[in-house]
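Here is the structure we will look at.
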Amino acid sequence: MKKLIVMSMIACMALSMTACGSKEQTAAPAEETETPAAGEETEGAEAETETPSAGAEEASGDKTWIIAMDTVFRPFEFTNENGEFVGIDVDVMKAVAEDQGFSYEIQSLGWDAAVAAVQAGQADGLIAGASITDERKASGWIFSDGYYNATQTFVVPEGSDIKSFEDLAGKNVAVKNGTAGADFAESLKEEYGFTTTVFEDSPTMYQDVILGNSAACVEDTPIMADSIKVGSLALQIPEGMESDGAPYGFAIMNEANQELLDMFNAGLANIRENGTYDEIIAKYLGE
C-alpha cells in the first residue's frame with residue numbers, strides 16, 4: 001500500500017512539472033510577437049489616416065476651391081461701407097457656386113498677388129476683371145467663357161483740353177501693372193509720342209492724374225465710370241479714346257482645375273438664362 005502511495009505521488013509531481021513548462025513556453029513566444037505587431041500596426045494607421053481623408057474629400061465633393069481676387073476694382077470687387085467684400089465678380093462667383101453646388105473661399109489679394117497665387121498653385125482660380133487676351137492664353141492662362149464685355153479708355157483730369165490721342169504727345173500716361181489698359185497704352189505710345197508710368201493699384205494711378213503728375217491714365221471703362229461717380233473724382237472720360245471691346249473671363253492656370261472651369265461655364269450659362277446675371281449687372285451698373 002505504501003508503495004502504491006509513493007508511486008502515485010511521483011506521478012503527480014511529474015504531471016505538475018510538465019504543466020508549468022507548457023505555460024512558460026506559451027508566454028515566451030507571445031512576448032516576441034507583440035513588439036513587431038505593434039510597429040506594423042502604427043505604420044498602417046498613419047497611411048490609412050492620410051490617404052482615405054483626401055479620397056473621401058474628392059468622392060464627397062467637399063473640396064473648397066480657393067478663388068483669388070483683386071482688392072479694389074470697383075464695381076467688380078471692393079469693400080462697401082459695411083466692411084463687406086462685394087462687387088460684380090463677387091456676386092457672379094456666388095451665383096455660379098450656388099447653381100453648381102460647390103464650395104469656395106475668396107482670397108482678396110490685389111492684382112499682382114492674385115495672379116501669382118494662381119500661377120504658384122496657392123489658389124485654384126482667378127476672377128478679377130481679367131480681359132481674355134491671346135497673350136495671356138499663350139502664357140498659360142486658361143479662360144472661361146466671357147462674363148462681361150468691357151473696353152479700356154483713357155481718362156483725363158476734369159476740364160482737361162486733351163480730347164484725342166494726338167494731344168498726348170510729349171506727356172506721360174499712368175497705367176496699372178499687368179492690365180489690358182496698360183497693354184492698350186503701350187500699343188499706342190510710340191505712335192502718339194507719350195511715355196508711361198506703371199502703378200500697382202487703381203486708386204494710386206487715379207491720384208497721380210488728379211495731382212497733375214500724369215496727363216492721363218488708362219482704365220476699364222465700367223470701372224472708371226463707377227469710380228468717378230462714387231468717388232466724386234476730378235476726372236473725366238473723353239469720347240473716342242477707348243479700345244475695342246474685350247471680354248472678362250474667369251481663369252485657371254493648371255489643367256488639373258478644369259473641373260472648376262467647367263462648373264463656372266455651366267453656372268454662368270444658367271444664371272444668364274434665369275435672369276440672375278442681369279440682376280447682378282443692374283445692381284452695380286444700372287444696365
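The values are calculated or read from the model by the stated rules, or taken from the named source; none is laboratory data. Treat the numbers as computed from the prediction; the structure is a model and nothing was measured. Cβ coordinates were reconstructed from backbone atoms using ideal geometry, including for glycine residues, and neighbour counts include every protein chain displayed. All accessible areas refer to the heavy atoms of the entire protein, side chains included, with ligands and DNA or RNA removed. Shrake-Rupley method; radii C 1.70, N 1.55, O 1.52, S 1.80 Å.
So the values come out like this:
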quantity: Check on residue 203, crowded, with 20+ Cβ neighbours inside 10 Å and either assigned to a helix (DSSP H, G or I) or in contact with a Leu (Cβ under 7 Å, 6 or more places away or on another chain) (or both); calculated: no
quantity: Residue list for segment 85-99, restricted to those being surrounded by 17 or more Cβ atoms within 10 Å (Cβ to Cβ) and in contact with a helix residue (DSSP H, G or I) (Cβ under 9 Å, 6 or more places away or on another chain); calculated: 86, 87, 88, 91, 92, 93, 95, 96, 97, 99
quantity: Pick from segment 182-200, criterion touching a helix residue (DSSP H, G or I) at 6+ places or on another chain (Cβ under 7 Å) and in a loop (DSSP other than H, G, I, E, B), ranking: farthest from residue 168 (Cα to Cα); calculated: 200
quantity: Those residues of segment 206-222 which are open to solvent by 20 Å² or more (accessible area, probe 1.4 Å) and closer than 19 Å to residue 284 by Cα, in sequence order; calculated: 221
quantity: Residues of segment 223-256 classified as within 30 Å of residue 120 (Cα to Cα), outside any strand (DSSP E or B) and either in contact with a Pro (Cβ under 9 Å, 6 or more places away or on another chain) or open to solvent by less than 20 Å² (accessible area, probe 1.4 Å) (or both), total; calculated: 1
quantity: Leading residue by the ranking (most open to solvent (accessible area, probe 1.4 Å)) among those in segment 109-146 that are modelled with pLDDT under 95, under 15 Å from residue 70 (Cβ atoms) and outside any loop (DSSP other than H, G, I, E, B); calculated: 112
quantity: Near pairs, Cβ below 9 angstrom, 6+ apart or cross-chain, from segment 62-82 (of a type in the set (Lys, Arg)) to any residue that is in a strand (DSSP E or B) and modelled with pLDDT of 90 or more; calculated: 63/103
quantity: Some residue of segment 158-170 being within 23 Å of residue 235 (Cβ to Cβ), crowded, with 19+ Cβ neighbours inside 10 Å, more than 13 Å from the chain's Cα centre (by Cα) and at pLDDT below 95; calculated: no
quantity: Tally, over segment 178-198, of residues that are surrounded by fewer than 19 Cβ atoms within 10 Å (Cβ to Cβ), under 29 Å from the mean Cα position of the chain (by Cα) and not charged (D, E, K, R); calculated: 3
